[in-house]
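What follows is calculated from the coordinates using simple rules that are stated; it is not laboratory data. Source: prediction; values computed, not measured. Methodologically, a virtual Cβ is constructed for each residue, glycine included, from the backbone with ideal geometry; neighbour enumeration extends over all protein chains shown.
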Amino acid sequence: MEFVHRITKGGRFNQIYIPKEAEHDFEAGDLVQVKLLQKRAGVYYSSKKIKLTPFKEKLARDVFSLLLQNPSVKMVFFVGSFLTSHSEYRDIDIAVIGADSQHEIQAAIPKQLSDAFGLRFHILFFTEEQLPNLLRVCPLTRGMFSLFASSMPFSLPTETLRDEKHIEFLIMMPEDLLSVAASPRAFYDALRRVIAIEHFLLGRPLDGASIGKETGKLMGDQVATFLADNESLPELHIAAVRKVIREKIASIRTILGHGKTKNNR
């Protein structure tokens with residue numbers, strides 16, 4: 001005779017109740033074996049300043065439990081606006097940390113989550129070896145992980161390193177927009193990117209709220225909202241965004257100690 005039950009919390013001890021139909025098979029004095037079948041997933045936060053609603057926390061636990069059944073998945077993070085916004089998020093950002101970059105798993109997880117929860121997930125994959133280095137050198141990765149809810153305790157490395165080649169790679173897209181037409185949302189993303197890079201180099205906060213606050217300060221909250229929502233704007237405003245991006249790129253290169261913005265339009 002065997003049964004599967006969850007452990008419940010008692011006044012002095014955690015306990016497992018024997019089903020009524022099995023009470024004659026398990027009696028006081030019998031020797032039994034208790035075996036852990038599935039660890040209850042925990043939710044660990046990057047900061048005491050954030051706490052998910054009960055619904056979101058349950059979703060996080062369920063996602064963690066599902067994905068961690070795969071031995072190659074070592075850790076899972078919820079990041080992005082899902083953590084801080086009640087409803088204004090387009091999809092749910094998840095970072096999956098694997099033992100290595102197994103393409104089969106990366107292909108399977110999006111469908112697995114969609115089938116299980118019927119929600120839109122945006123999934124980023126990192127290897128255990130890759131993530132620590134990116135958190136030291138990449139402003140965008142470090143900013144993404146500035147606020148998180150994770151499947152196990154995690155802390156960002158305190159040390160950051162200046163990788164000039166990586167920074168130059170990151171500013172390629174914003175610099176292209178100085179002379180190329182694009183959607184308002186593309187300009188918004190480019191502006192936030194150069195602000196984040198400058199913050200990283202100056203040791204300033206990289207969380208979304210801090211970047212958003214400076215974006216609103218530079219462009220005005222209304223224009224920033226129009227850009228974020230991909231709403232059409234007069235060319236005058238786009239020119240103003242280009243000007244700020246150009247200035248930020250120049251500032252970044254000054255901090256790095258070389259060059260000027262390549263396109264001075």
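Worth a mention:
- Remark: for residue pairs LYS56/LYS111; LYS111/LYS248; LYS56/LYS165; LYS58/LYS248; LYS48/LYS213, the C-alpha separation exceeds 30 Å in LYS111/LYS248; LYS56/LYS165; LYS58/LYS248.
- Comparing PHE154, GLN102, GLN222 along the charge dipole axis of the chain, the residue lying farthest to the positive side is GLN222, per the Cβ-charge model.
- Label of the coordinate-derived value, semi-axes √(5λ) of the Cα gyration tensor in Å, listed as [x] 47, 19, 16; [y] 25, 22, 17; [z] 41, 21, 18: [x]
- Distance from the C-alpha centroid of the range 46-85 to that of the range 121-136: 16 Å, rounded to the whole angstrom.
- DSSP finds beta bridges in the chain, and of those with both partners inside it, around 65 percent are antiparallel.
- Going from the fewest other Cβ atoms within 10 Å to the most, the residues PHE64, PHE148, PHE117, PHE125 appear in the order PHE117, PHE125, PHE148, PHE64.
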